[in-house]
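The values are calculated or read from the model by the stated rules, or taken from the named source; none is laboratory data. Only a predicted model underlies this, so the values are computations on that prediction, with no experimental measurement involved. Cβ placement follows ideal geometry from the backbone for every residue including glycine, while neighbour counts extend to all protein chains displayed.
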Amino acid sequence: MAEVVPRGVQVALKHVKSVMVRFCPFESNVETTRIFLEYVSGKKARASNTNCVVTTDVRHDGSEPVVDIMFADGDRLIMKGANLTATEMLSALNSRCKAKDLKEEERTKTKSA
């Protein structure tokens, strides 16, 4: 059954250094990971950070789908696509990026004060 991602979902890769998506295309549990890959490799997402490297590791070994996100500050977010929907993965990425935006805002406020 195809997952429907709500319209208007936007992905901002501002604080992301790299996104690595690994999956075996012959497994039945890769659909959500492929949808996530479609969003992070889209024009708008890529335009939000032209330095972000999005790589795909396609395997034929039956391994479970994994998304490995490295942030510019060294933080890392690893998501197992077999257990999550694309909406959940996009929400996790967006919430982490928003938290980093808030930290950056606080730092600039304290420096300017």
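List of remarks:
- Hits in region 23-75 (condition: under 29 Å from Asp101 (Cβ atoms) and of a type in the set (S, T, N, Q)): Thr32, Thr33, Ser41, Ser48, Asn49, Thr50, Asn51, Thr55, Thr56
- Here the condition is being of a type in the set (Val, Ile, Thr) and touching a Pro at 6+ places or on another chain (Cβ under 9 Å); of Thr87, Thr108, it holds for Thr87 alone.
Yes/no matrix, rows are residues, columns are (1) part of a helix (DSSP H, G or I); (2) touching a strand residue (DSSP E or B) at 6+ places or on another chain (Cβ under 9 Å); (3) modelled with pLDDT under 90:
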residue	(1), (2), (3)
Gly74	no, yes, no
Leu77	no, yes, no
Ala92	yes, yes, no
Arg96	yes, yes, no
Lys100	yes, yes, no
Arg107	yes, no, yes
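- Scanning region 50-70 finds no residues that are buried (at least 18 other Cβ atoms within 10 Å of the Cβ), out of contact with any Lys or Arg (no Cβ under 9 Å at 6 or more places or on another chain) and not polar (S, T, N, Q).
- Of all residues in region 35-47 being outside any loop (DSSP other than H, G, I, E, B) and touching a residue at least 12 places away in the same chain (Cβ under 8 Å), the one that is surrounded by the most Cβ atoms within 10 Å (Cβ to Cβ): Phe36
- Within region 77-91, considering residues that are surrounded by fewer than 16 Cβ atoms within 10 Å (Cβ to Cβ) and within 11 Å of the chain's Cα centre (by Cα), the one nearest to Val16 (Cα to Cα): Ile78
- Subset of region 48-72 (residues that are part of a strand (DSSP E or B), farther than 21 Å from Glu88 by Cβ, touching a strand residue (DSSP E or B) at 6+ places or on another chain (Cβ under 6 Å) and of a type in the set (A, V, I, L, M, F, W, C)): Val53
- Scanning region 48-73 for residues that are over 15 Å from the mean Cα position of the chain (by Cα) and under 29 Å from Glu104 (Cβ atoms) turns up just one, Asp73.
- Whichever residue in region 13-29 is over 9 Å from the mean Cα position of the chain (by Cα) and in a loop (DSSP other than H, G, I, E, B) and, among such residues, is nearest to Leu77 (Cα to Cα): His15
- Any chance Lys98 is touching a residue at least 24 places away in the same chain (Cβ under 8 Å) and of a type outside the set (Val, Ile, Thr): no
- Count of region 23-46 residues which are closer than 16 Å to Leu93 by Cβ and not aromatic (Phe, Trp, Tyr): 12
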